[in-house]
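Student: Shown below is the structure under consideration.
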Amino acid sequence: MISEKVEFFEAHSFVTGATGFLGTHLLKRLLARYEQVHILVRDQHGSSCLKLLDRYRREQHRIHLYEGDITQPMLGLNEETLDHLRILNVEFFHMAGIYDITAPMKLQCAVNVEGTQHALDFAVAIKSRGFHLGSSTAVAGFYKGVFDENMLDEAGPLNNAYFQTKHDSEKLVRYETRLPWRIYRPGVVVGHSITGEISKIDGPYYLFNTLRKLRDSVPEWMPLAGLEGGELSLVPVDYVVDAIDHIAHQPGCDHRCFHLTDPNQRRFADLFNLFAETARAPKMSMRIDAANISPLVGMFAKSIAKMPSVQSFTDMLLKDLGIPREALIFLEYSTRFDRTNTDHALEGSGIVLKSPEEYAGILWSYWEHNLDKERIDSNNLRRQVADKVVMITGASSGIGRAVSVYLAESNAQLLLVARDQSELEAVATEIREAGGTAYACSADLTSDDDVERLTERVIREHGGVDILINNAGRSIRRSVEQSYDRLHDFKRTMDINYFGALRMMLAFLPGMVERGVGQVINVSSISVLTNHPRFSAYSASKSALEAFTRSAASEYANKGVKFTTINMPLVKTPMIALTEAYNHVPVLTPEQAVELIIKAIIQKPARIATRLGLFSVLLNDLLPSVNRLLMNAGCRMLPESVESEEGQSDDEKQQPSLEHDLMINLLKGVNW
C-alpha cells in the first residue's frame, strides 16, 4: 500500500516492453504520473498490444503506439518519429528484454544486449531527460556472499545465457555518459500480492505443478525428503513497479543502482513448504543441506548425475513436472543482496514489501484457477483434444457413451467403436446435434478381421488415432466355486478385456510413435487393487491389461506416447444390471466416471485410482491376512448373482443385512 500522493507531470514518458508483465503494471503507475505515455510495440494489432489497450481502455487517448523493434538500430523508427519525440523531452523506461533462463544465447544477446544498446542510442537521439533500466539480480551471477548495489564486475560465474546477457546489458548503461541513468534490479518477480496476477510460469511457479501432483497422489501428512536448496528473494510485481515509479521520480538518484529484493531471503525448502501448506500438499520434513555434504560424496553424486542414463531419466522427469533443467541452478544459489540505496530512496514512501506468508495463498489461487494447464475444466480439455482424433471403445452405452457425449463440444474428432452400428449412430447423432464431430465405427474387438478392417478405415480416413480410450469390456461376477465347469467365462472375459484392448493398441501405437505424440487410456478396475472375491475372471483380465500397460509405458517413455490406467470403481452401467445385489450398493454414475477419464486426458498420469483402492494396496502389502478376512466377510454377506442362484427358492436367497449395509458403505465403490 502506497501512502504518498504522486506528483503529476505535464510531460511525456517513453516505455519499451509495456506489453510484458512488468511493463504492463508499470504503465499504470506512469499513466498516473504523465500526461502522455508513448510505448514501443512490435505489432499494434497483435494480441498482446490489444490486450494492453483493453486493460487501459479508459486511458487509451493518452497512450501513443509506435511499431518498432529493439533489435533494430533506432528501434526501427524513422527520422520523422525521432523529430517528433525530441520536442517532448521524454523520460525513457527500458523494460523490454528476455526474462527466460531457457532462451538461447543468440536470442538473449539480440534482445537483452543489442536491444539495450539500441535503446540507449535512441534515448540519446531523442534527447531523453533520463534513462531507466529494468535489470535483474541475475547480473551478480553466482557470487558468494553479499552483493551490493555498486558492484557489477565482481559478479560470480555467469554460466547461463540469461545471467550473462543481463550482466552485459547493465554494463552498457553503467558506462553511458551521454545521459543520466538509473538501474533497478528486482529479485525473483512473482504475481501481484493482492490479485495474484501473473502472466507466465517461471521462478517458484515451476514448483506448483509438482505440488499439485503430490497433493493429488500423496496424503498431506506424508513426510517428504529433499534438498535445503539455495536462498531466493521473492518480490511481488506490485512492489517492484511501485518502487521503480517512486525511485524514478526522486531527486538525487541518478547514476545509481537499486536492489528491489527481499532482505529476508528464503531457502528453497522453506518456500516449498510454504506453498505446499497453501496447496494442502505434503511438506518436506527431512531437508538435506548440500553445503554439509562431504566433498567426496558430492563429487560422487555429480559424477553419477552426468551418466547418460541418469541424464535421460532426469530430463524425462523434469519434462513431466514442467520444470526446465536450467531452473535447477537455483538449488545452489547463495548470493545475498544489500539494498542500502533502495532503503534510502524509499524512506517515507509508504512502500512496504510484504512477506511471502502474506501472499502465498493468493499466488497459488491465481495459478490454480488461471494458469494450471492440468486443471480439470473445459478450456484445458479443449486444449488437449481440439482437432485430434479420439477413439472411444464401448461407446454405445455406459461409460463409453457418457464420455463420448461429454466430448461433443471439445472440437475433437470422435471415433465411436462398439458392435451395434445402430446404437452407435444414435450416439453420433446426439453428438452432432450438440455441435460435435463423431463417426460410428462398428467392430467386434474380439475379431482379428474386424479390428484389421477398422484399423485400415481409420488410418485411411483420419490418419490414425491421437487418443485411444480402451473402455469396452465385460464383467463376470461369479465365485470360483461356481466356475469349475465354466472355463469359457475366463476365456471370453480375457478376449475382450485384455486381447480386445491389446488389438487396438497394437493397431494404433505405430502411428503415435511416428507422429511423436499420443495417449492410451486403459479403463481397468478397482478390483485389481482390492482383490475382492467373485471377480477372479474379471480381475485377471484387467490385471493382464495393467501389466502390459506398465511394460509398454516404460518402452514408450521417450517416444512421446503416454499411458494411463484408470482403476475405475463400481459404476452403474448395463454391465452390472443383472446383479440384483447392486441395487443396494452405492455406485458411481457414468457421468461421475467420465470425470476420471477427463482427468486422464488432461493430466496424463500413469494411474488414476480412488483413495480406497490405494489404501487396499497398502493394506494388502502390510496386513495381507487382515485384507483377506475383510474381503471374505464381504463375500459372505452378499449373495451370488442371479444367474448363479437359479434353482434356489426365494427364501434361500440372501437378503441385505445391517452388516451388509455397513460394509458396502464403508468400502464404497468396491465391486462386491
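The values are calculated or read from the model by the stated rules, or taken from the named source; none is laboratory data. The model shown is predicted, which means the values in this text are computed figures rather than measured ones. Note: ideal-geometry Cβ built from the backbone for every residue, glycine included; neighbour counts use all protein chains shown.
Student: For the range 313-324, indicate whether the set of residues that are at pLDDT 95 or above and surrounded by fewer than 14 Cβ atoms within 10 Å (Cβ to Cβ) is non-empty. Don't jump to the end; show me each part of the working.
Tutor: Just the residues of the range 313-324 that are at pLDDT 95 or above, to begin with: none.
No: the range 313-324 contains no residue that is at pLDDT 95 or above and surrounded by fewer than 14 Cβ atoms within 10 Å (Cβ to Cβ).
Student: Gly76 passes all but one of (1) of a type in the set (Gly, Ala, Ser); (2) surrounded by 16 or more Cβ atoms within 10 Å (Cβ to Cβ); (3) touching a Ser or Thr at 6+ places or on another chain (Cβ under 8 Å); which number fails?
Tutor: With (1) of a type in the set (Gly, Ala, Ser); (2) surrounded by 16 or more Cβ atoms within 10 Å (Cβ to Cβ); (3) touching a Ser or Thr at 6+ places or on another chain (Cβ under 8 Å) applied to Gly76, the lone miss is (3).
Student: So Ile521 ticks every box in (1) touching a strand residue (DSSP E or B) at 6+ places or on another chain (Cβ under 9 Å); (2) more than 18 Å from Arg401 (Cα to Cα) but one. Which box is left unticked?
Tutor: Every listed condition holds for Ile521 apart from (2).
Student: Here's something else I'd like to know. Taking helices (runs of 4 or more DSSP H) that do not extend beyond the range 85-178, which have at least 2 residues that are at pLDDT 95 or above and among the β-branched types (Val, Ile, Thr)? Even if it seems obvious, please write down each step before you answer.
Tutor: Details: elements: 105-108, 114-125, 161-174.
In the range 85-178, the matching helices (runs of 4 or more DSSP H) lie at 114-125, 161-174.
Okay, residues lined up against (1) within 22 Å of Lys354 (Cα to Cα); (2) assigned to a strand (DSSP E or B); (3) of a type in the set (S, T, N, Q):
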| position | (1), (2), (3) |
| --- | --- |
| Pro219 | no, no, no |
| Tyr239 | yes, no, no |
| Asp245 | yes, no, no |
| Asp254 | no, no, no |
| Phe258 | yes, yes, no |
| Asp270 | yes, no, no |
| Asn273 | yes, no, yes |
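Student: Looking at Pro251, is it closer than 30 Å to Arg129 by Cβ and surrounded by fewer than 20 Cβ atoms within 10 Å (Cβ to Cβ)? Show your work before the answer.
Tutor: Details: closer than 30 Å to Arg129 by Cβ: yes; surrounded by fewer than 20 Cβ atoms within 10 Å (Cβ to Cβ): yes.
Here the answer is yes, as Pro251 does meet what is asked.
Student: If we only count helices (runs of 4 or more DSSP H) wholly inside the range 492-555, which ones have 2 or more residues that are within 18 Å of Leu445 (Cα to Cα) and aliphatic (A, V, I, L, M)?
Tutor: Values: elements: 501-515, 527-530, 536-555.
Of the helices (runs of 4 or more DSSP H) lying wholly inside the range 492-555, those with at least 2 residues that are within 18 Å of Leu445 (Cα to Cα) and aliphatic (A, V, I, L, M) span 501-515, 536-555.
Per-residue answers, yes or no, for (1) more than 19 Å from Pro605 (Cβ to Cβ); (2) crowded, with 17+ Cβ neighbours inside 10 Å:
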| site | (1), (2) |
| --- | --- |
| Ile183 | yes, yes |
| Lys200 | yes, no |
| Phe208 | no, yes |
| Trp221 | yes, no |
| Ala225 | yes, no |
| Gly230 | yes, yes |
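Student: Are there any pairs, at least 6 apart or on different chains, whose C-beta atoms fall under 9 Å, with the first in the range 334-346 and in a strand (DSSP E or B) and the second of a type in the set (A, V, I, L, M) and modelled with pLDDT of 95 or more, and if so, which?
Tutor: Arg336/Val146; Phe337/Ala140; Phe337/Val146
Student: OK, next. For the subset of the range 448-477 comprising residues that are part of a loop (DSSP other than H, G, I, E, B) and in contact with a Lys or Arg (Cβ under 6 Å, 6 or more places away or on another chain), which member is modelled with the lowest pLDDT? Outline the logic, then answer.
Tutor: Kept after step one, since they are part of a loop (DSSP other than H, G, I, E, B), are these residues of the range 448-477: 463-466, 471-477.
Now narrow it down to the ones that are in contact with a Lys or Arg (Cβ under 6 Å, 6 or more places away or on another chain): 466, 477.
Numbers: Asp466: 97, Arg477: 67.
Top of the filtered list is Arg477.
Student: If you don't mind, there's one more thing I want to ask. Within the bounds of the range 424-435, is there any residue that is within 28 Å of Lys559 (Cβ to Cβ) and in the same structural domain as Lys562 (by TED's automatic domain parsing)? Spell out the reasoning first.
Tutor: First, the residues of the range 424-435 that are within 28 Å of Lys559 (Cβ to Cβ): none.
There is no residue in the range 424-435 that is within 28 Å of Lys559 (Cβ to Cβ) and in the same structural domain as Lys562 (by TED's automatic domain parsing).
Student: Just to confirm my filter: which strands (runs of 3 or more DSSP E) fall fully inside the range 380-446 and include at least 1 residues that are under 28 Å from the mean Cα position of the chain (by Cα) and either aliphatic (A, V, I, L, M) or at pLDDT below 95 (or both)? Let's see the steps before the verdict.
Tutor: Numbers: elements: 389-393, 413-418, 437-442.
Correct list: 389-393, 413-418.
Student: Restricting to the range 43-84, name every residue that is of a type in the set (D, E, K, R), under 25 Å from His192 (Cβ atoms) and either in contact with a strand residue (DSSP E or B) (Cβ under 6 Å, 6 or more places away or on another chain) or in a loop (DSSP other than H, G, I, E, B) (or both).
Tutor: Of the residues in the range 43-84, the ones of a type in the set (D, E, K, R) are 43, 51, 54-55, 57-59, 62, 67, 69, 79-80, 83.
In the following step, the residues that additionally are under 25 Å from His192 (Cβ atoms) were identified as 51, 54-55, 57-59, 62.
Arg62, the sole residue that qualifies.
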